[in-house]
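Here's the structure we're looking at; comments come further down.
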Number of protein chains: 4
Amino acid sequence: MNLAWIGLGRMGMPMARNLLRKGHGVTVFNRTRAKCEELSAAGAAIAPSVAVAGASGRVVATMLADDGALESVCFGAGGLVQSMPRGGVHVSMSTISVALSQRLTEEHAAAGQVYVSAPVFGRPAAAESGTLVVVPAGPPSAVAQLQPLFEAVGSRIFPMGEQPYMANVVKLSGNFMIASAIEAMGEAFALLRKYGVDPQLFLDMLTNTLFAAPVYKIYGSLIVEDTYQPVGFTMPLGLKDVRLALAAAEAAETPLPLASMIRDHMITALAHGNHNADWASVARLAAENAGLPPRQKAAQP
Amino acid sequence: MNLAWIGLGRMGMPMARNLLRKGHGVTVFNRTRAKCEELSAAGAAIAPSVAVAGASGRVVATMLADDGALESVCFGAGGLVQSMPRGGVHVSMSTISVALSQRLTEEHAAAGQVYVSAPVFGRPAAAESGTLVVVPAGPPSAVAQLQPLFEAVGSRIFPMGEQPYMANVVKLSGNFMIASAIEAMGEAFALLRKYGVDPQLFLDMLTNTLFAAPVYKIYGSLIVEDTYQPVGFTMPLGLKDVRLALAAAEAAETPLPLASMIRDHMITALAHGNHNADWASVARLAAENAGLPPRQKAAQP
Amino acid sequence: MNLAWIGLGRMGMPMARNLLRKGHGVTVFNRTRAKCEELSAAGAAIAPSVAVAGASGRVVATMLADDGALESVCFGAGGLVQSMPRGGVHVSMSTISVALSQRLTEEHAAAGQVYVSAPVFGRPAAAESGTLVVVPAGPPSAVAQLQPLFEAVGSRIFPMGEQPYMANVVKLSGNFMIASAIEAMGEAFALLRKYGVDPQLFLDMLTNTLFAAPVYKIYGSLIVEDTYQPVGFTMPLGLKDVRLALAAAEAAETPLPLASMIRDHMITALAHGNHNADWASVARLAAENAGLPPRQKAAQP
Amino acid sequence: MNLAWIGLGRMGMPMARNLLRKGHGVTVFNRTRAKCEELSAAGAAIAPSVAVAGASGRVVATMLADDGALESVCFGAGGLVQSMPRGGVHVSMSTISVALSQRLTEEHAAAGQVYVSAPVFGRPAAAESGTLVVVPAGPPSAVAQLQPLFEAVGSRIFPMGEQPYMANVVKLSGNFMIASAIEAMGEAFALLRKYGVDPQLFLDMLTNTLFAAPVYKIYGSLIVEDTYQPVGFTMPLGLKDVRLALAAAEAAETPLPLASMIRDHMITALAHGNHNADWASVARLAAENAGLPPRQKAAQP
């Protein structure tokens, strides 16, 4: 298929590259043009502006950092809503607010276009290997049409419904589940350490029995080691997603007390200076609150 | 091996039966004698009292409901501390407080005996099939001596350290982890339902990707269906374990805010009359707090 | 003094009337013109538009429902920023976000104008009697110039600093304090009722000793009686203020776990249908969570 | 009246002295006999044992540190239940658990005695000046008989009902209310400080308007100054009372989420080493979690 791709960050770049590898025709746009040129050698055409990208065909995919970045690409003069042809399909793969997803659905519909949300689960390494989990929602015919795109970037596809915002609620709920697992391990490991139990033994037991799942293996090891390198997902991004989940929940009159607690803990982590830390390091707060010293060995000179 | 077994409840009965099946010599005692007689046909000897059971050999295993039941078996006239021989080993497999585990360690030591904690993970069905997860802690030579017992009742054994209380901290931490997963799913499913997303789709996605673990499959299905039959573990027992985790944590000056929140939610569930419900039904509170109706279909006549 | 007054709602109308009573020259604007005409007999001039009101003199006061209402009055074509003269002073007495206060400070400054925040504490009855508590912040000379205005609407004036947003942080913090007192009483009264203690006896003890303050007398009686009529401040407005406090706190990297909890409880109250209830009725949730029936007697036919 | 008084600690000593000043006949017992001798000059008789004190007359008052101290005085050989005459009245003024109050009611009744709970509010200075707040509950005739005692130690008496435990629930609820006010101020002051607002200005505004109550004046100043000297009530005692409130609430199936949160914060304060600090210093945690430095000036050499 032919499509335009907007956004070549840590996730967008490897995703676009996988599309090229699978033989799709990709026209790319990125605010920093140097990123586009990296893909040129791999066969990508370069659009000089969002408007040109939007007008270039029937499918436009966006993979951007946050609501603000996506809004600036979609709305106003030269934005996608204005530049895409009638009947075009815009698929947003970013993690954005439910409210923005609803607004995009309305504005694209008013312009005779179709909007699909298809956020993804997975860290940059999964984007490289084309093994993301894709969670699309939107009109079934549009979702079907985008199937080759999803298969190029992901290994698992879980459609969630006909309203695009459903996919965004799922994405935010999924990240909330991960954050909950991190919080639970942080507290349990702190308790175990206070009683002299090696949290690694506990983690081994868990992940060989009831909790034999990647989320516990991956994040559990980070927390046991108390080292969070390389940073897969920063604390401010983690907080942003929890905030979006809470905003979507408030709009639907749903209390999420566990999400509220995690938000408070992440804000504390930021107040203590951990802006560049992986979001899993919020687990460290549970240890600090128990008076435990860091486990992380000092960096070697 | 030959041993005495005290406690023939929903867990203790199948565990003792598995010991007999494996050819071990078992002398049983239970407050309600009828239970003992059930095992007689399978080859068990019956002790008429705790004192006789305690004096009958070098190993005594207990599997009782709570601290109170174990205290009444161990302390005072005719209790295990008084009746067991010097050098005898008492292995408690019940879920008890860390404080009681510490007291048993001291009192048995003062009587020249050895105490081992070996709580188990698993519902009654796992006890039947001999597939419990056993978490022993105590002096290594005693733990080694008990290995045949552990292998008769469990399929996985995870030693946790040389201090018996370490196993109790692990057991309580493990139950806290389960309760945390229940709480997280309860909140996430409520949010999804408010946005019209089928929580089963979300659960399928989770359990086929990052959360592919039994705890999410088993409890997730109960919560999605909003049916909690048969009851595997009642709400008051669940609350008891969370309370024990919080007490152990307070004694070690460790805050567990997520456990505190779960405790509050379980108390609310009890105040609403759910004493006979499975502890997983605490997830229903998240739905009620969001104004959602029960999903559970009315029972057919 | 002469000034323009924008906003004639439940608070703004009696405040403007008090200004007229004290002999000030007031030009009023309100979206619903009928409200303006009510004041005409009392001597007010009527401005046909925000722009005319903004151009009418050197001081403009606004008293509006929320951020959205104030933004629509201030920004864009015909808004206050555009229509007020250089050197003019805009004093906002509404409860708004810290972020909007910061934006107004900047935009008015860029237009050569001065912005002052002066939110008030007090229910409509206090607005009628001119006994509001006024909390101004902004450039000292502007705050001094507005003193006659503050004295006409309030009986106590507490300047909070030179940055206008400081007054908004104080207002939101004050409302958080009130909500905290409501939550604490709700929980304590529920506990007392479960033990058969009359919460009125407890409240009498408190308000005659350590807690002898209006906030406990006023809200305590509402909660003891479990009747919340007439509604002084609705639940959605209460939730809005808690949300603004949390947003300001997050922007400054400050966790407010008690505010988070109150927010969750208010969302639950809304999910249960209490949109028109007084915000103090959030205390009812504590009783419900304890399984207590409402105390409020059924309305007589 | 003639009575025996047991317990001459920081509260009990000045209370007993006030009884002597008012002309009552007091026989004292204290574990450390030196304390008794201090009162001898003021006219007190000294009992050599609890049993002698208990047998000395018809009224025995106890003022002890906690449940354990009171249990050791009341139960077993030589305890009050055994030594007091039939028809005697035991009035406990200590802050104890609801469960112990219920047990004392039963055990004294079985021995033909009467039990009254009459805990007090007030710091040691109020005990000195005889201005404590007394909260009695129990059989009306016994409470009436004790009136001269209450008037000698307190300036305000608030009877709470006919069941002794009611007074204990009230005492624990009252301390919970104080802790809630401390928590709320801690969070609000942290937010204000992050925005450059002087919390003293905010406190002045509060305590001259809606929050014009001693609890805000007294504790507010401690928190604003961030100095907690002299220590009126230590953190471990504060935590004990919150724990007792939570235990009473759990026994009555009442969640107290705000008390749970305060408990977590106090445990954190202890984990950080603040065992000798005043319980109001739990407010410091809110500032630390916001990344704020201590305000307390370093002690002068």
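The values are calculated or read from the model by the stated rules, or taken from the named source; none is laboratory data. All figures in this text were calculated on a predicted structure; none of them were measured in a lab. Don't worry about glycine lacking a Cβ; one is built from the backbone with ideal geometry, like all the others, and counts go over all protein chains shown. The accessibility values were calculated without ligands, DNA or RNA, using every heavy atom of the protein model including side chains. Shrake-Rupley method; radii C 1.70, N 1.55, O 1.52, S 1.80 Å.
Between a residue in the stretch C:261-277 that is modelled with pLDDT of 95 or more and any residue that is among the β-branched types (Val, Ile, Thr) and in a helix (DSSP H, G or I), which pairs come within a Cβ distance under 6 Å, given they are 6 or more apart or on different chains?
Hits for this filter: C:Ile262/C:Val242; C:Arg263/C:Val242; C:His265/C:Val282; C:Met266/C:Val282; C:Ala269/C:Val282.
Being open to solvent by 30 Å² or more (accessible area, probe 1.4 Å) and touching a helix residue (DSSP H, G or I) at 6+ places or on another chain (Cβ under 8 Å) is true for just one of A:Ala269, A:Ala251, A:Ala259. Which residue is that? Before you say what the answer is, go through the steps one by one.
Details: A:Ala269 fails: open to solvent by 30 Å² or more (accessible area, probe 1.4 Å); A:Ala259 fails: open to solvent by 30 Å² or more (accessible area, probe 1.4 Å).
Result: A:Ala251 is the single residue among A:Ala269, A:Ala251, A:Ala259 that is open to solvent by 30 Å² or more (accessible area, probe 1.4 Å) and touching a helix residue (DSSP H, G or I) at 6+ places or on another chain (Cβ under 8 Å).
Could you go through the stretch C:284-299 and let me know if any residue there is of a type in the set (Asp, Glu), within 29 Å of D:Ala167 (Cβ to Cβ) and more than 9 Å from chain D (Cβ to nearest Cβ). Outline the logic, then answer.
First pass over the stretch C:284-299, keeping only residues of a type in the set (Asp, Glu): C:288.
In the following step, the residues that additionally are within 29 Å of D:Ala167 (Cβ to Cβ) were identified as C:288.
Subsequent filtering for residues that are more than 9 Å from chain D (Cβ to nearest Cβ) retains C:288.
Yes: one or more hits.
Among the residues of the stretch C:206-216, count how many are within 7 Å of chain D (Cβ to nearest Cβ) and open to solvent by 10 Å² or more (accessible area, probe 1.4 Å).
5
Sort out which residues of the stretch C:221-268 are under 14 Å from A:Pro255 (Cβ atoms) and among the charged types (D, E, K, R), and write them in order of number. Working first, answer last.
Going through the stretch C:221-268, the residues under 14 Å from A:Pro255 (Cβ atoms) turn out to be C:235, C:239, C:242-243, C:246, C:259-268.
Within the stretch C:221-268, C:Arg243, C:Arg263, C:Asp264 qualify.
If you go through the stretch C:175-187, how many residues are of a type in the set (Gly, Ala, Ser) and within 7 Å of chain D (Cβ to nearest Cβ)?
Taking the stretch C:175-187 and keeping what is of a type in the set (Gly, Ala, Ser), we get C:179-181, C:184, C:186.
With the extra rule that they be within 7 Å of chain D (Cβ to nearest Cβ), the set shrinks to C:180, C:184.
Adding up the residues that qualify gives 2.
Can you tell me which of A:Arg86, A:Arg21, A:Arg33, A:Arg58 is among the basic types (Lys, Arg) and farther than 22 Å from A:Gln145 by Cα?
Numbers: A:Arg86 fails: farther than 22 Å from A:Gln145 by Cα; A:Arg21 fails: farther than 22 Å from A:Gln145 by Cα; A:Arg58 fails: farther than 22 Å from A:Gln145 by Cα.
Result of the check over A:Arg86, A:Arg21, A:Arg33, A:Arg58: A:Arg33.
Are there any pairs, at least 6 apart or on different chains, whose C-beta atoms fall under 6 Å, with the first in the stretch D:241-257 and at pLDDT 95 or above and the second open to solvent by 10 Å² or more (accessible area, probe 1.4 Å) and basic (Lys, Arg), and if so, which?
Qualifying pairs under 6 Å: D:Val242/D:Arg263; D:Ala252/C:Lys194; D:Thr254/C:Lys194.
Restricting to the stretch D:107-127, name every residue that is in a strand (DSSP E or B) and of a type outside the set (S, T, N, Q).
Across the stretch D:107-127, the qualifying residues are D:Val114, D:Tyr115, D:Val116, D:Val120, D:Phe121.
Based on what the data block shows, is D:Ser173 surrounded by fewer than 22 Cβ atoms within 10 Å (Cβ to Cβ) and modelled with pLDDT of 95 or more? Before you say what the answer is, go through the steps one by one.
Details: surrounded by fewer than 22 Cβ atoms within 10 Å (Cβ to Cβ): no; modelled with pLDDT of 95 or more: yes.
So D:Ser173 does not fit the description; no.
Checking the condition surrounded by fewer than 22 Cβ atoms within 10 Å (Cβ to Cβ) and not in a helix (DSSP H, G or I), which residue from A:Ser141, A:Ser155 passes?
Result: A:Ser155 is the single residue among A:Ser141, A:Ser155 that is surrounded by fewer than 22 Cβ atoms within 10 Å (Cβ to Cβ) and not in a helix (DSSP H, G or I).
What number of residues in the stretch B:107-138 are modelled with pLDDT of 95 or more, open to solvent by 30 Å² or more (accessible area, probe 1.4 Å) and not hydroxyl-bearing (Ser, Thr, Tyr)?
5
If I filter the stretch B:272-282 for residues that are open to solvent by less than 20 Å² (accessible area, probe 1.4 Å), more than 26 Å from B:Met166 (Cα to Cα) and not in a helix (DSSP H, G or I), do I get at least one hit?
Scanning the stretch B:272-282, I find at least one residue that is open to solvent by less than 20 Å² (accessible area, probe 1.4 Å), more than 26 Å from B:Met166 (Cα to Cα) and not in a helix (DSSP H, G or I), so the answer is yes.
Are there helices (runs of 4 or more DSSP H) fully within the stretch B:1-106 with at least 3 residues that are open to solvent by 20 Å² or more (accessible area, probe 1.4 Å) and closer than 22 Å to B:Pro139 by Cα? List them.
On the way: elements: B:12-21, B:33-40, B:50-55, B:67-74, B:80-83.
Per the criteria, B:80-83.
Please go through the stretch D:12-47 and give me each residue that is over 19 Å from D:Met93 (Cβ atoms), out of contact with any helix residue (DSSP H, G or I) (no Cβ under 7 Å at 6 or more places or on another chain) and modelled with pLDDT of 95 or more, ordered by number.
Result: D:Gly23, D:Ala45.
Taking the condition within 14 Å of chain A (Cβ to nearest Cβ), surrounded by 22 or more Cβ atoms within 10 Å (Cβ to Cβ), farther than 21 Å from B:Ile262 by Cβ and over 15 Å from the mean Cα position of the chain (by Cα), does B:Ala167 pass? Show your work before the answer.
Details: within 14 Å of chain A (Cβ to nearest Cβ): yes; surrounded by 22 or more Cβ atoms within 10 Å (Cβ to Cβ): yes; farther than 21 Å from B:Ile262 by Cβ: yes; over 15 Å from the mean Cα position of the chain (by Cα): no.
Taking the combined requirement at face value, the residue does not satisfy it.
Could you give every pair whose Cβ atoms fall below 7 Å, whose first residue belongs to the stretch B:64-85 and is touching a residue at least 24 places away in the same chain (Cβ under 8 Å), and whose second residue is basic (Lys, Arg) and open to solvent by less than 40 Å² (accessible area, probe 1.4 Å), counting only separations of at least 6 or pairs across chains?
B:Asp66/B:Lys240
Restricting the search to the stretch A:278-298, which residues are more than 29 Å from the chain's Cα centre (by Cα) and at pLDDT 95 or above?
A:Asn289, A:Ala290, A:Gly291, A:Leu292
Identify, by number, the condition in (1) touching a strand residue (DSSP E or B) at 6+ places or on another chain (Cβ under 6 Å); (2) at the interface with chain C (Cβ under 10 Å from one of its Cβ atoms); (3) of a type outside the set (Gly, Ala, Ser) that D:Phe150 doesn't meet.
(2)
So A:Glu162 passes all but one of these: (1) more than 8 Å from every other protein chain (Cβ to nearest Cβ); (2) within 18 Å of B:Leu206 (Cα to Cα). Which condition number does it fail?
(2)
Would you point out the residue of the stretch A:57-115, among those that are over 23 Å from A:Ala245 (Cα atoms) and among the polar types (S, T, N, Q), that is nearest to the chain's Cα centre (by Cα)?
Going through the qualifying residues, I end up with A:Gln113.
Based on what the data block shows, is A:Ala190 facing chain B (nearest Cβ under 9 Å), open to solvent by less than 10 Å² (accessible area, probe 1.4 Å) and either closer than 22 Å to A:Val59 by Cβ or more than 22 Å from the chain's Cα centre (by Cα) (or both)? Reasoning before the result, please.
Numbers: facing chain B (nearest Cβ under 9 Å): yes; open to solvent by less than 10 Å² (accessible area, probe 1.4 Å): yes; either closer than 22 Å to A:Val59 by Cβ or more than 22 Å from the chain's Cα centre (by Cα) (or both): yes.
So A:Ala190 fits the description; yes.
The conditions are (1) of a type in the set (A, V, I, L, M); (2) within 14 Å of chain A (Cβ to nearest Cβ); (3) farther than 29 Å from A:Pro214 by Cα, and B:Leu270 fails exactly one of them. Which is it?
That leaves (2) as the condition not met.
State all residues of the stretch B:228-240 that are open to solvent by 50 Å² or more (accessible area, probe 1.4 Å) and hydroxyl-bearing (Ser, Thr, Tyr); if no residue qualifies, say none.
Across the stretch B:228-240, there are no qualifying residues.
Within the stretch C:196-205, identify whether any single residue is facing chain D (nearest Cβ under 8 Å), touching a strand residue (DSSP E or B) at 6+ places or on another chain (Cβ under 8 Å) and within 27 Å of C:Val120 (Cα to Cα), and answer yes or no. Outline the logic, then answer.
Let us first name the residues in the stretch C:196-205 that are facing chain D (nearest Cβ under 8 Å), namely C:196-198, C:201-202, C:204-205.
Checking the rest, the ones that are also touching a strand residue (DSSP E or B) at 6+ places or on another chain (Cβ under 8 Å) come to C:205.
Okay, now just the ones that are also within 27 Å of C:Val120 (Cα to Cα), so none.
No.
Do you know which of the residues in the stretch B:217-256 that are within 13 Å of the chain's Cα centre (by Cα) and of a type in the set (D, E, K, R) is farthest from the other protein chains (Cβ to nearest Cβ)?
Of everything passing the filter in the stretch B:217-256, B:Asp241 is farthest from the other protein chains (Cβ to nearest Cβ).
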